[in-house]
Amino acid sequence: MTPIEIPHVDRDAVVRQDLRSVLHPIVPPKQLEEQQLVIVAGHDSTVIDADGREYLDAMSGLWCVNIGYGRVELAEVAAEQMRALAYFPHTAINLPAARLADRLNALLGGGHHVYFVNSGSEANEAGFKLARQYAKQEFPGQFRYKLITRYLSYHGTTLGALAAGGMGDRKVKFEPLGGNDFVHVAPAYCYRCPFGLTYPACELACAKNIEATILGEGPETVAGVLVEPIMSGVGVAVPPDEYLPAVAEICRKYGLLLHVDEVINGFGRTGKMFAHQHYGVEPDILALAKGISSAYLPIGATVITDRVFQSFYGDPAANRHVAQVNTYGGHPAAAAVALRNIEIILEERLADRAAESGGYLLDGLQTLRRHPCVGDVRGKGLLAAVELVMDRQTKEPIPAPQMQSLADFCLARGVIVGRARSGAGGGSTIVLAPPLVITRPEIDRIVAVLDEAIAAMGRSLG
Ligand SMILES: Cc1ncc(COP(=O)(O)O)c(C=O)c1O
């Protein structure tokens, strides 16, 4: 276990300050008044609250602390870079960002350029804008601007990324969200197949739906197709192996850009450095964040192939260069930290470890099927889910309050699990994305606590 200094915190004073002044994301203020988790430290897969209580974080924060907590050397990397140069706009060249881009490019097999941003939402937004600019420059007579995206997907919180996503309940309070820029199709969510079909007899109806939609919209109006290889937010919907290659082939057929969102899937999470590498496809646009720095500092990236880059390259008078800017993109300290984070992932073979540990986790989760309310168990690498149902026949989701109680039950036993919300058109699912350094005894503990929690929920449902 990494030695860690636990700061002394006056818990009550922090809670008072917070409740008086902070507006938190997504959590109802009244819930926070009742359940205040004040996290002050972390090491490996464990976080520690202000009372010294330890929790096994089976969610890596928000699916992001891939190398685990407490890597003090990253603080040193950031400090060293800040001492030399804390900031300069990325309109100039800086050393850490150049090195990081070059490392990402190499990991992707070369032939790419990297545009830096600060979050996953921005990585997708930049991708949308690069695709539009590319289409304007490459197809001057046409008006290719639409992006085909999937229902139940999540691609970020900014208005464009939110509109691209397909979770109605996350969008409804902000609608209308623009015009027909994002055209939604059925997701590859096999347990709840939107066509009521079963793989492989379905013959990938969901991929065919993409082609039908492109033809319906008119290919000359479409710029690209956006997919997260394994849809995390809806509850880790792992597609059939042929799905992503089929989508890539449709993009190729109609000259569309394939925009792959690996904000969660990337950086070893699914058992390979990038999830699309499982499926042998090459994205034209790749959105990265979270695991790029394991959240030690905020940074995201939008990677384009050189074929796309060529559109942005030319005589300055031709006005083809990237027509957007953001203040912090290519931040030297964030880039230095991200680079060291990636080196750690490679040195410690954390992608391979995710594949091995993920197999072990999935085996453990499969044993939960003995509970009648477990409808499905699925995952790839250390991205896993247990979908819970009222009835295996009808697949009726578990109501949200019971799902909340289940997550609270786990928390009370010192294990943090995630839950994909019911009511989004999806199911009621426990999601797991622990740090890639998680150990087998820790995995056993997650499974044991879930076992107890599901049994307790089963009893409460009668
Ligand atoms: C697949 C996916 N894309 C994009 C985002 C947005 O990332 P961020 O919250 O860093 O803006 C998320 C966030 O969870 C995500 O799950």
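Figures for the structure shown
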item	result
Sorted by Cβ neighbour density within 10 Å, fewest at the top, the residues Leu177, Leu339	Leu177, Leu339
Per DSSP, loop chymotrypsin sites (Phe, Trp or Tyr not before Pro) in the range 166-195 with at most 12 further Cβ within 10 Å	Phe195
Counting all C-alpha pairs of the range 232-375, share separated by more than 25 Å (%)	44
Sorted by Cβ density within 10 Å, fewest first, the residues Cys410, Cys190	Cys190, Cys410
Kirkwood Rh (inverse of mean 1/r, distinct Cα pairs), the chain, angstrom	23.0
Helical mean residue ellipticity (222 nm; -39500 (n - 2.57) per DSSP H run of 4+; nearest 500) of the chain	-11500 deg cm²/dmol
Neighbour cut-off at most 16 other Cβ (10 Å), DSSP loop, trypsin sites (Lys or Arg not before Pro), the range 21-124	Arg53
The range 370-433 versus the range 147-194: alpha-carbon centroid distance in Å	22
Per-residue ³J(HN,Hα) for the range 288-299, Karplus 6.51 cos²θ - 1.76 cosθ + 1.60, θ = phi - 60°, Hz, x for Gly and Pro	10, 6, 6, x, 4, 10, 6, 6, 5, 9, x, 6
Percent of beta bridges antiparallel (DSSP, the chain, rounded to nearest 5)	70
Bridge type composition, the range 157-304 - antiparallel percent by DSSP, nearest 5	40
Within straight-line cross-link reach of Lys136, lysines at Cα separation under 20 Å, skipping those fewer than 8 residues along the same chain	Lys146, Lys253
Kirkwood Rh, Cα atoms: Rg over Rh of the range 1-121	1.05
Descending principal axes extents, the range 73-347, alpha-carbon based, whole Å	58, 44, 39
Chymotrypsin sites (Phe, Trp or Tyr not before Pro) lying in DSSP loop within the range 124-155, provided at most 15 other Cβ fall within 10 Å	Phe143
Additional length obtainable on full extension of the chain from Arg370 to Arg53, 0.36 nm per residue less Cα span	111.0 nm
Rounded to 5, percent antiparallel among DSSP beta bridges of the range 73-347	45
Kirkwood-Stokes translational diffusion coefficient of the range 121-163, alpha-carbon pairs, 37 °C, 0.692 mPa s, µm²/s	293
Separation between Cα centres of the range 219-269 and the range 69-89, rounded to whole Å	34
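No value in this document is a laboratory result; all are computed from the given coordinates. All of these numbers come straight from a predicted model, not from anything done at the bench. For neighbour counting, all protein chains shown are included, and Cβ atoms are generated from backbone atoms with ideal geometry for every residue, glycine included.
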